[in-house]
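The block underneath contains the structure these notes are about, expressed in structure tokens.
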Amino acid sequence: MRRERHMSSEFNEAEESPGFMLWQVTNLWQKAIRNALEPFELTHPQFVLLFSCKWLNEHNDHTGITQVQLAQHAQMDVNVTSQVLRTLEKKGYIERRPHPTDSRANIISVTKAGDAAASQAVKAVETEDRAFFSGLGHEIKDMNRLLRQLARR
């Protein structure tokens, strides 16, 4: 009779795996953020792109930003960014107009309704972030430093 081989892990406990722990914490955090965004009828990707667009435009003298710039800032796939922006445009939160010098690009700006939605939603998201990460106390700075280190890969 042949014995089946079982895959094993180098970890004795699931909690020893940084990837598994990151997966669990990410899922818990995303659920909390989904709940915080629910009253605004925004998904998390919609919020990230809407607020990023608002933030980038404010820091770019409101000259507008391109979809590629927005995708790079959010570290989001350009095609996914395009789909989410289409939804935000239908909601009346952003406007796209042709780029003055690049016929392949559009300039993206936030409408008054989008600005109001982003401003309200960011308060809810930041409140949820503070609550979610409050257990870390002063160690939050260490966590942010480590996450920035991983993000540079």
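The values are calculated or read from the model by the stated rules, or taken from the named source; none is laboratory data. On a predicted model such as this, the values are computed, not experimentally measured, just so you know. Neighbour counts are summed over all protein chains in view; Cβ atoms, including those assigned to glycine, are modelled from backbone coordinates with ideal geometry.
Does at least one position in region 93-108 carry a residue that is surrounded by 11 or more Cβ atoms within 10 Å (Cβ to Cβ), within 18 Å of A36 (Cβ to Cβ) and not basic (K, R)? Yes, the conditions are met somewhere in region 93-108. Look at region 62-91: where a residue is farther than 17 Å from A113 by Cβ and modelled with pLDDT under 95 and a partner is aromatic (F, W, Y) and in a helix (DSSP H, G or I), sitting 6+ places away or on another chain with Cβ atoms under 9 Å, you get H73/W55.
Quick grid of which residues meet (1) assigned to a helix (DSSP H, G or I); (2) modelled with pLDDT of 95 or more; (3) under 14 Å from V25 (Cβ atoms):
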{"site": "A116", "(1), (2), (3)": "yes, yes, no"}
{"site": "S119", "(1), (2), (3)": "yes, yes, no"}
{"site": "V122", "(1), (2), (3)": "yes, yes, no"}
{"site": "E126", "(1), (2), (3)": "yes, yes, no"}
{"site": "G135", "(1), (2), (3)": "yes, no, yes"}
{"site": "H138", "(1), (2), (3)": "yes, no, no"}
{"site": "M143", "(1), (2), (3)": "yes, no, yes"}
{"site": "L146", "(1), (2), (3)": "yes, no, yes"}
{"site": "Q149", "(1), (2), (3)": "yes, no, no"}
